[in-house]
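What follows is a set of notes on a single structure, which appears directly below.
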Amino acid sequence: MAKLHNPEEIGKNILADAIKNPPVADREVVFRYSHERRLEKAPRSVQDFNKSKGKRPAVFATLTGSRSNIVLLMTILVFCALVSIITRLISDKNAYKLDGNAVTVSAMRYEGNTFVVIKKQAEKADAYTGAVDIAISSEKRASSSSAESGETPPIFTSRFYFMPDENEEFRISAPLEIEHVLILMQTETEQVVIKTKAE
């Protein structure tokens, strides 16, 4: 029967052997791995990927590389076009030009008064700044009986000033409850008539 050696004894023997015969530091290390031979057996997609490694793929080629990418690209383009069209339609709906300024108007009725909000955006550097006279009245003329008697709808007037700021907002409260509001805005050189419906 073979004699079992003590593990501590075996460890001491291995350590003593390593001390007596240290490994040679300048010994050449032999690699048995070949990257090229391994790639020869790899799938075609892996080989193509390694060939194009280091090359930057074109953005358009990436976006149109597969059918799902093309569908995604077309969806994004259509969405951007719709947002642009809707934004332009909404912004141009109540936009008026007044001496180089774009003016939008909204109105609201509340407890016998009509509140008018005017937003100004300067479209160019030399846009008009200064006094702006405003007149607010009802778009609808008086009834036929009132028209025969020569009555006209009441008119509320006010004045505000365009400052050099690019964007400004003005709020005016007219002591008239008007559904269809007719607004006349006038500067020193131009005037504009705006029609809007009060909410």
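The values are calculated or read from the model by the stated rules, or taken from the named source; none is laboratory data. This one's a predicted model, so the numbers in the text were calculated from it and none came from an experiment. Cβ sites come from the backbone with ideal geometry, for glycine too, and all protein chains shown count toward neighbours.
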Exactly one condition in (1) farther than 30 Å from residue 186 by Cβ; (2) modelled with pLDDT under 80; (3) polar (S, T, N, Q) is false for residue 84; which is it? (2)
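Residue-by-condition table, conditions (1) at pLDDT 85 or above; (2) of a type in the set (S, T, N, Q); (3) surrounded by 13 or more Cβ atoms within 10 Å (Cβ to Cβ); (4) assigned to a loop (DSSP other than H, G, I, E, B):
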{"position": "96", "(1), (2), (3), (4)": "no, no, yes, no"}
{"position": "127", "(1), (2), (3), (4)": "yes, no, yes, yes"}
{"position": "131", "(1), (2), (3), (4)": "yes, no, no, no"}
{"position": "134", "(1), (2), (3), (4)": "yes, no, yes, no"}
{"position": "147", "(1), (2), (3), (4)": "no, no, no, no"}
{"position": "151", "(1), (2), (3), (4)": "no, no, no, yes"}
{"position": "168", "(1), (2), (3), (4)": "yes, no, yes, no"}
Cβ-Cβ under 7 Å, sequence separation 6+ or interchain: first residue in segment 152-178 and closer than 14 Å to residue 103 by Cα, partner in a loop (DSSP other than H, G, I, E, B). Which pairs? 162/128; 162/129; 163/129
Scan of segment 170-183 for residues that are over 29 Å from the mean Cα position of the chain (by Cα) and either part of a strand (DSSP E or B) or farther than 12 Å from residue 136 by Cβ (or both), ordered by number: 172, 173, 174, 179, 180, 181, 182, 183
Could you list, in sequence order, the residues of segment 43-70 that are surrounded by fewer than 10 Cβ atoms within 10 Å (Cβ to Cβ) and at pLDDT 75 or above? 43, 44, 45, 67, 68
Could you please tell me which pairs satisfy a Cβ distance under 6 Å, a separation of 6+ or placement on different chains, a first residue in segment 85-110 that is under 22 Å from residue 180 (Cβ atoms), and a second residue that is at pLDDT below 85 and loosely packed, with under 11 Cβ neighbours inside 10 Å? 108/199
